[in-house]
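Okay, so here's the structure we're looking at.
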Amino acid sequence: MRQRPSGLPPLHHDVVVVGGGPAGLQSARFLAERGLSVALLEEHPRVGFPQHCTGLVSLEGLAKHILVSDRRVAVNKVRGACFVGPHGVRLLVERSKPVAAVVDRPLLEQLLFEEVARKAEVILGARVQPELLGTGRPVVVATGVSGLARSRGGYVLPALQYDYLLSQSCGCDHVYVFLGSQFSRGLFAWAVPLSEKVYRVGLASKGNVLLRLESLLKRLHSLTGCAKPERRLAVYGGAVYTGGMLDRLVRGNMILVGDAAGQTKPTTGGGLVYLSVAARELAEAVSAGELGLYERAVRRELGAEMSVQLLLRRFLNSLDDKALERLMLQVKKLGLEELASKEGSMDRQAVLALKAALSLPFRSPSLVLNLLPKLLQSLLVA
Ligand SMILES: Cc1cc2nc3c(=O)[nH]c(=O)nc-3n(C[C@H](O)[C@H](O)[C@H](O)COP(=O)(O)OP(=O)(O)OC[C@H]3O[C@@H](n4cnc5c(N)ncnc54)[C@H](O)[C@@H]3O)c2cc1C
């Protein structure tokens, strides 16, 4: 006989949400807004901690999907990104106005928590196995990335990041993305300005993240032209997932959402916008009493976009440093930097990626011939 988790009060709610990260909080929020009675269970004694996220989200995603309007949440805004290649080539993709915010992730979760706690029952310090909660009602599984390690381990990358005080103000309003094997195998390294004098510098990679990050910090000044990192203010660890959405999001009465469902961008590992999109669809489906609607709606919203991003991720992962640098040089030469600056979107990358890919055979046939085997390989693995 299955046992109930010990120490839990009886749960007579319409829906139980397991996990009080952003996916669980957004799901509970949207479910309660639709008039359902909700219990949310979180293993930690408070939400938002331990922190692991960089907190970079598009302004559009924040306003349209995350739906938290408190101005304190955005600690900084940036206009674009500078991509630094393995041997130094730089691509600058930026707009004249800010396109992204660095959000204070603990504050974001605290605000969501306060809203949820007004409408739903929240039980903190309760670690439960979702399968043990019975089959009588929907159980939302929002337990994060850990469940993916067994099935999609190759795409779960350990991550490490530091907040650093710089020796002088930098005044930079874009993020840096460092590509190449010395920074990361499987993703990239980043430096994100939290203020004029504080940067969040981190990376996710196969292999030793500590050694890579320490080596990046030594070179940060020469790579960015910003002041030198002077004092470490904070350390965060975590795991980033880039392997695409899981094949089945609904399993009996259990509904997966957020990292637990693989709902992160395969190109960057960012999850906050997509999990908010998914949480809203989840609430619609549960309130309609038809869980299958969730699976269909979320694939309609995110499926094609994420498939193209996954192809791109596999393709990028297959390139060695020389090929990556060459590709970046060609992108620069062909003016695709300007195209990305004009039409690029943090959350909808597929259209631009396809547009750029389709223009390459006409504009740089030799590059395409060179990269074709890698591209075909990425398609075949997919
Ligand atoms: C280094 C790093 C940087 C990132 N940067 C960005 C970024 O800049 N922008 C962006 O959009 N995304 C970013 N992400 C991704 C983003 O953090 C995740 O997509 C997001 O946190 C997923 O939310 P979640 O609620 O699904 O999972 P989590 O945030 O992991 O929350 C899961 C919650 O469930 C709880 N839990 C787990 N198991 C149980 C259980 N059995 N019982 C009860 N509670 C349980 C956990 O304690 C946790 O609170 C980053 C991730 C990392 C690691």
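The values are calculated or read from the model by the stated rules, or taken from the named source; none is laboratory data. Here the structure is a predicted model, which means the values were calculated and not measured. Glycine also receives a Cβ, built like all others from the backbone with ideal geometry; neighbour counts cover every protein chain displayed. When the accessible area is computed, the model is the full protein with side chains, heavy atoms only, and any ligands, DNA or RNA have been set aside. Shrake-Rupley method; radii C 1.70, N 1.55, O 1.52, S 1.80 Å.
Comparing Ala261, Ala279, Ala288, which has the greatest mean-square fluctuation in the GNM of the chain with Cα pairs linked when under 10 Å apart? The residue that fluctuates most here is Ala288. The Cβ shell under 15 Å around Ala285 holds other residues with a net charge of +1, Lys and Arg each +1, Asp and Glu each -1. Put a dot 7 Å past the Cα of Ser167, heading toward its Cβ, do the same for Ser181, and the two dots end up 3.2 nm apart. Surface composition of the chain: carbon plus sulfur atoms contribute 56% of the solvent-accessible area (1.4 Å probe, protein chains only, all chains present).
In a fully extended conformation the segment linking Arg95 and Ala234 would gain 47.0 nm over its present Cα-Cα distance, using 0.36 nm per residue. Modelled label positions at Ala288 and Thr135, each set 7 Å beyond Cα in the direction of Cβ, lie 2.4 nm from each other. Strictly over 27 Å apart at the Cα level, which of Lys64/Lys206; Lys197/Lys218; Lys97/Lys355; Lys64/Lys355; Lys97/Lys374; Lys197/Lys332 would you flag in this model? Cα-Cα > 27 Å for Lys64/Lys206; Lys97/Lys374; Lys197/Lys332; rest within.
Of the trypsin sites (Lys or Arg not before Pro) in the stretch 95-165, the ones in a loop by DSSP (not H, G, I, E or B) with at most 13 other beta carbons within 10 Å are Arg127. Packing-based ranking of 181-194, 62-75, 356-369 yields 181-194, 62-75, 356-369, ordered from highest to lowest mean Cβ neighbour count within 10 Å. Extending 7 Å from Cα along the Cβ direction at Leu369 and again at Glu196 yields two label points whose distance is 5.4 nm. Over all distinct Cα pairs, what is the inverse of the mean 1/r for the chain, reported as the Kirkwood hydrodynamic radius in Å? Across the chain, the inverse of the average 1/r is 21.7 Å. Seen from Thr143, the other residues with C-beta closer than 14 Å to its C-beta sum to a net charge of -1, counting Lys and Arg as +1 and Asp and Glu as -1.
Using the rule -39500 (n - 2.57) for each DSSP H run of four or more residues, divided by the residues of the chain, the 222 nm mean residue ellipticity is -11500 deg cm²/dmol.
Among the DSSP helices (H) of the chain, those spanning at least 15 angstrom by Cα along their long axis with an average Kyte-Doolittle hydropathy of 0.5 or more are 209-224, 272-288, 350-363, 365-381; this is a geometric and hydropathy rule only.
Counting only residues at least eight positions apart within a chain, or on another chain, the aspartates and glutamates with an alpha carbon under 14 Å from that of Lys119 are Asp14, Glu33.
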